[in-house]
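We did not get these values from a lab; they are worked out from the coordinates using the rules stated. What you are looking at is a predicted structure, and each value in this text was computed from that prediction instead of being measured. So basically every Cβ, Gly included, is an ideal-geometry build from the backbone, and we count neighbours across all protein chains shown.
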Amino acid sequence: MSRTAMKAEHVVINEHLTRQTGVPDAFRPHQGVLLECRDFVGQRVREALARSVGELRDELQARRLAAKNAEEAQKLIELLALLHTIGAEIDRTFSTGFEDQFQERAKTSNAASTFYESGSEMGFFPELKLVDETEIDTTIAVKNLATRLERACEAENQDLQTRVAFMLGESDIDGAANPIGPAAICEALKNICWEQDASGGLRATALELLVGRLAGEMSTVYHDVNALLVARRVMPNVRPRARRGKASQRMAARKDVVLPGEPDPSDLVKQIFTAKAAAVEKNDWKQRTGTSDLMQLLNGLQQGQGDLQFGGQSFALPAGVDATGNIISALIEAGLSKQANSIDGIVIDVVATLFDYIFDDSRVPDAMKGLIGRLQIPVLKLAMMDHGFFSNRAHPARRLINSLAQASVTWDGPLTEDSSLYRTAEGAVVRIQNQFAEDASVFASCLQEFENYLTEQERYADERAATLTERLKERERIDLARKVGEDAMAGHLANEELPAVVRDFIRDIWTRVLAHAALESGATNAPPANSERWTSAITASADLVWSVLPKQSMEERQRMVKQLPVILRNLKAGMTTAAIDEVRQKAFFSELVQCHAAALKAPIASAPPPAPPPPPNAPARRAGPLPGLQPIGDDPTPEMLELDLLTRGSWVELRDESGEVRRVRLTWISPARTMYLFANRQGQRALALTRAELTRRFANGEATTADQEPLLDRVVDDVLDELRG
């Protein structure tokens with residue numbers, strides 16, 4: 001693809017990013033990578049389709065020869081002819097069709113529909129419009145085929161979808177909005193098949209055959225795309241996602257046993273997860289048939305009682321379940337949800353799935369999973385009484401579980417029963433186990449106490465780290481002043497006519513003299529405007545450079561003899577002011593004598609003398625951008641983007657040479673963003689990194705921003721997304 005075409009496509013994606021996020025496209029460095037992924041996927045799928053068409057034609061030809069009757073043979077002949085027509089142009093047609101699907105989704109994709117819109121009754125299921133019945137059948141067929149592809153490469157597709165959402169500037173996208181996902185591929189293939197002159201049945205068969213062949217290829221294709229994105233530094237460490245299937249399996253099992261006259265489970269799910277309906281159910285749960293009896297059973301189980309009756313069946317906490325085992329799943333297997341009414345049964349199924357996902361999350365330490373697991377019965381009771389638990393992200397119980405998980409994930413080192421975090425969290429869990437019956441305020445109270453503990457812990461860590469900030473500020477001022485001096489001397493350092501000893505002196509010593517002058521004037525962001533010492537140092541450097549260049553006329557030699565004492569005096573004064581030791585001064589002056597002797601021995605030239613040096617106050621080149629600031633017009637790298645998005649309180653994972661990961665919190669950023677100070681949660685360790693070092697670590701995968709999306713919010717989203725699909 002030409003650069004012009006690529007740039008035009010960048011414009012399309014940039015407009016999308018700016019419209020969706022409000023962030024200028026200068027801060028979105030991944031547009032080109034997304035186009036590269038499109039071309040990669042398109043090429044691999046075209047190659048797979050070309051192979052598939054050939055293989056299918058061979059198989060269908062063999063079936064035609066073995067056909068038992070003329071009608072079957074005729075259908076196979078027609079299907080062979082259709083595949084031949086499709087295969088003849090598949091490279092071109094799929095390339096064009098897939099690009100169209102990509103553009104459509106890149107321009108219109110948005111984050112997955114929220115389930116928490118209080119003003120909408122349709123938060124779970126989209127509203128259907130009246131459309132042609134054939135169009136509905138086709139849409140459903142394509143969706144089913146896309147689902148088939150997704151299931152064939154579930155893990156790889158989920159990782160890719162997360163990365164694509166990031167490149168589009170979204171927190172998440174659904175499968176239909178992924179511009180390089182299975183839905184885009186299936187839609188492009190459907191359009192190719194539907195453009196052929198054949199019956200609807202033949203076209204549908206051809207589409208199903210082609211998608212069936214691709215199902216065996218897409219796992220490898222998406223695996224390789226993810227590897228490409230990792231190499232391009234796009235989310236090298238994708239957050240773990242729960243393996244889907246549990247929620248839909250439980251829902252399917254429930255639908256299989258629905259009796260005539262009973263409500264459809266899908267309608268009940270919509271009712272439970274709609275905010276308005278949840279507000280009504282919060283006051284009416286006691287009116288549901290059997291709910292009070294079920295609550296008595298759960299109260300007994302919460303207190304450790306056994307052999308409790310419900311619906312004519314005995315229930316007890318399962319024996320042999322470890323600390324991270326799903327108690328609710330065991331109760332479901334014992335028949336609990338079948339004995340409950342329809343609404344309570346669905347709540348039981350969903351809460352069990354939530355804890356399945358929590359226990360599957362590899363980031364949460366087992367010790368904290370054990371504590372959260374002890375909340376299974378209280379959370380189930382709460383969800384039955386208050387369906388707002390599912391729809392309200394600010395619900396105290398959800399926030400408590402989120403805080404427990406996030407605190408454990410950011411704990412530095414092993415989380416043991418002796419740690420202050422574990423002891424504090426266990427106190428909250430035990431209190432809920434002992435006190436929660438119907439008054440949910442105990443969750444809010446425990447949340448407040450736990451958040452107070454975390455706030456105090458972070459305050460202590462910040463205070464410990466703050467002892468370093470003054471020194472770091474001074475170090476930054478020195479570094480910035482040195483950069484100002486280096487920029488002012490860059491032209492001299494690039495002058496290859498200068499003797500090496502003079503260039504070394506300017507680089508190693510005179511930039512320090514200039515930095516000292518800048519610091520003294522208080523100007524560390526640009527050359528001082530009214531500093532006599534800075535002006536004298538600039539003049540001295542220009543005179544030094546002039547003095548060591550060949551003197552090819554008598555006038556120049558006479559001028560040098562006259563000015564040399566002043567030049568030497570100014571150089572010595574500058575070094576003394578900047579505290580350059582006498583030994584280094586004497587060493588330089590002894591070598592400078594030889595440079596001056598060589599300049600005076602140059603042959604007399606008939607050509608006019610060289611142009612005079614630049615004015616004393618003019619730096620050799622315009623000062624470059626200060627460390628930590630993005631040069632105008634430069635494309636930011638992913639590492640720069642990650643650094644620019646860091647704020648005080650951000651969590652970062654740092655990986656050392658042994659592979660051990662340390663989770664640290666950003667407690668301070670220097671005024672010019674050239675220094676970053678981190679501390680662990682316990683306040684026991686502090687680490688200061690320069691912007692350059694932190695950029696290097698992000699680029700090498702030694703540093704990543706920690707996933708700070710609340711655990712339970714992510715789990716609920718995954719479960720609802722699965723149920724909606």
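Applying the Kirkwood pairwise sum to the alpha-carbon positions of the range 638-705 produces a hydrodynamic radius of 11.9 angstrom. Taking a Cβ cut-off of under 10 Å around D91, the surrounding Lys, Arg, Asp and Glu residues balance to a net charge of 0, with basic ones at +1 and acidic ones at -1. For the range 525-531, backbone phi angles converted through the Karplus equation (6.51, -1.76, 1.60; θ = phi - 60°) give residue-by-residue couplings of 9, 6, x, x, 7, 10, 10 Hz, Gly and Pro being listed as x. For the range 44-61, no residue has its backbone nitrogen under 11 Å from a point 7 Å from the Cα of A88, taken along Cα to Cβ. Ordering of 159-165, 470-476 by packing is 159-165, 470-476, highest average first (other Cβ atoms within 10 Å, averaged per residue). Taking amide H as placed 1.01 Å from N in the peptide plane, A602 has its amide H under 5 Å from the amide H of K551, each at least 5 places away in sequence or on another chain. Ordering Y460, Y357, Y453 from the fewest to the most neighbouring beta carbons within 10 Å gives Y460, Y453, Y357. Exposure proxy ranking for E657, E555, E156, based on other Cβ atoms within 10 angstrom of each Cβ and starting from the fewest, stands as E657, E555, E156.
If you take all other residues with their beta carbon under 11 Å from the beta carbon of S521, and give Lys and Arg +1 and Asp and Glu -1, the sum is -1.
Sorting K286, K572 from the fewest to the most surrounding beta carbons within 10 angstrom yields K286, K572. Working note: Karplus 6.51/-1.76/1.60 with θ = phi - 60° gives the range 459-473 the couplings 4, 5, 5, 5, 5, 5, 6, 5, 5, 9, 5, 5, 5, 5, 4 Hz, where Gly and Pro are set to x.
Applying the Karplus relation 6.51 cos²θ - 1.76 cosθ + 1.60 with θ = phi - 60° to the range 294-305 yields 3J(HN,Hα) values of 5, 5, 5, 4, 5, 4, x, 4, 4, 8, x, 6 Hz, where x marks Gly and Pro.
Sorting the segments 411-419, 94-102, 377-385 by their mean number of nearby beta carbons within 10 angstrom, highest to lowest, gives 377-385, 94-102, 411-419.
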